[in-house]
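Scroll down for the structure; my scribbles are underneath it.
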Amino acid sequence: MLILGIETSCDDTAASVVADGSEVLSSVVSSQDDIHSLYGGIVPELASRRHIEAIIPVVEEALKRAGADIDKDVDAIAVTRGPGLVGSILIGLNFAKSVSYAKKKPLVSVNHLEAHPLAVFLKDADNKGQGQPEFPFVALVVSGGHTALLKVSGFNEYSVLGQTRDDAAGEAFDKVAKLLGLGYPGGVAIDRLAKRGDAASIRFKRPLIKKGNLEFSFSGLKTAVLTHLKGLGKGSLEESELINIAASFQEAAVDVLVTKAFWALEQTGSNSLVAAGGVACNSRLRARLAERAESESVGLFIPPPCYCSDNAAMVALLGYHLLKEGAGEGLDLNASPEFLS
Ligand code: KG4
Ligand code: ZN
């Protein structure tokens with residue numbers, strides 16, 4: 001069964017063709033970093049306009065790379081309906097509805113947040129699978145738009161254990177990168193600089209680190225970096241200061257994410273942890289999760305970077321499982337920009 005997945009919830013226009021719910025035949029992502037980097041963050045109106053320009057070529061490219069004919073080969077269409085930027089979601093959603101109507105293909109909608117951790121089940125030519133977590137597992141979903149801990153009990157069965165009260169982890173990386181003059185998106189730049197810095201040089205406060213609390217808050221951490229910069233009282237930073245701030249900020253953010261992910265395992269009694277979302281590409285987060293998982297005999301599963309960040313293969317995968325359970329949408333399907341639980 002071939003599913004065409006479509007994802008436009010934030011600033012990436014993505015399409016993918018997935019066979020039998022896990023084999024990725026193509027995964028195309030068109031990033032908009034070039035325009036948003038001019039503003040140091042995502043400008044929703046510009047994101048929607050770019051999706052309009054990109055959606056047809058991206059879908060055509062995904063079908064071409066998969067060698068799939070939309071009429072003959074594609075069995076159904078899966079699309080993200082939220083959470084995300086409403087203008088962005090509507091482009092993918094309305095495109096998917098049009099294709100479903102014109103080509104008479106079943107349509108199913110998925111929750112982007114639920115799809116992220118399920119990316120561990122994807123396989124392709126480079127990634128034959130890395131062992132698969134057993135349900136129920138704990139998922140740490142960390143991206144530019146979300147930070148949440150989920151208990152995932154099945155392909156369409158999850159509950160939210162905790163989420164951020166304010167900024168997402170990736171948003172904090174991006175905002176701190178902006179304060180440090182590193183450009184947008186800044187997570188990768190901080191990750192790279194932090195490797196040369198001393199993570200213990202500045203002790204930024206770890207927010208909401210009260211035993212058992214699975215909620216997150218990252219806006220205070222960003223403000224703490226700003227306060228530190230103001231305290232230095234100078235316009236430009238020396239290289240040693242820059243790398244130490246990057247490393248210390250990253251350590252504080254990673255500390256909170258790792259600590260809470262393991263509290264979630266303790267609370268749910270689960271022995272498998274999945275990390276997903278763009279911030280799960282962070283090298284320090286991956287290393288700290290791996291260390292802890294090994295010492296506590298926890299199974300750790302992290303998709304390769306191309307399926308950690310936003311992609312449509314995870315949407316097609318979840319769509320496949322929802323269709324198997326009999327889900328499906330009509331043309332009255334609407335966007336759900338808020339968190340769907
Ligand atoms: O999942 P994603 O591609 O899109 C959203 O749904 O937001 O995540 C993008 C976020 C950005 O905030 C970016 O700075 C962050 O992931 N990111 C990283 C790294 N790579 C991407 N953050 C920290 N370290 C990285 N290596
Ligand atoms: Zn995402």
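The values are calculated or read from the model by the stated rules, or taken from the named source; none is laboratory data. Owing to the predicted nature of the structure, the values given are computational and were not obtained by experimental measurement. Backbone-built Cβ (ideal geometry, glycine too); neighbour counts: all protein chains shown. Calculation scope for accessible area: heavy atoms of the full protein, side chains included, ligands and nucleic acids excluded. Shrake-Rupley method; radii C 1.70, N 1.55, O 1.52, S 1.80 Å.
Every residue, every condition in (1) of a type outside the set (Val, Ile, Thr); (2) at pLDDT below 95; (3) under 20 Å from Ala264 (Cα atoms), yes or no:
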| residue | (1), (2), (3) |
| --- | --- |
| Phe121 | yes, no, no |
| Asp124 | yes, yes, no |
| Asn127 | yes, yes, no |
| Gln130 | yes, yes, no |
| Val138 | no, no, yes |
| Val142 | no, no, yes |
| Leu149 | yes, no, yes |
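Here the helices (runs of 4 or more DSSP H) wholly within the stretch 4-118 that include at least 1 residues being surrounded by fewer than 22 Cβ atoms within 10 Å (Cβ to Cβ) and of a type in the set (A, V, I, L, M) are 33-36, 44-66, 86-103. Ala62 satisfies every condition listed in (1) out of contact with any Ser or Thr (no Cβ under 9 Å at 6 or more places or on another chain); (2) within 18 Å of Ser309 (Cβ to Cβ); (3) away from ligand 2 (no atom under 16 Å from the Cβ) except (1). Scanning the stretch 141-197 for residues that are within 15 Å of ligand 2 (Cβ to nearest atom) and small (Gly, Ala, Ser) returns Ser143, Gly144, Gly145, Ala148, Ala168, Ala169, Gly170, Gly187. If you go through the stretch 147-160 and pick out every residue that is open to solvent by 30 Å² or more (accessible area, probe 1.4 Å) and either near ligand 1 (Cβ under 8 Å from one of its atoms) or in contact with a Ser or Thr (Cβ under 7 Å, 6 or more places away or on another chain) (or both), you end up with 2.
Taking the criterion of being modelled with pLDDT of 95 or more, under 20 Å from Val110 (Cα atoms) and not β-branched (Val, Ile, Thr), the residues of the stretch 42-62 that qualify are His51, Ala62.
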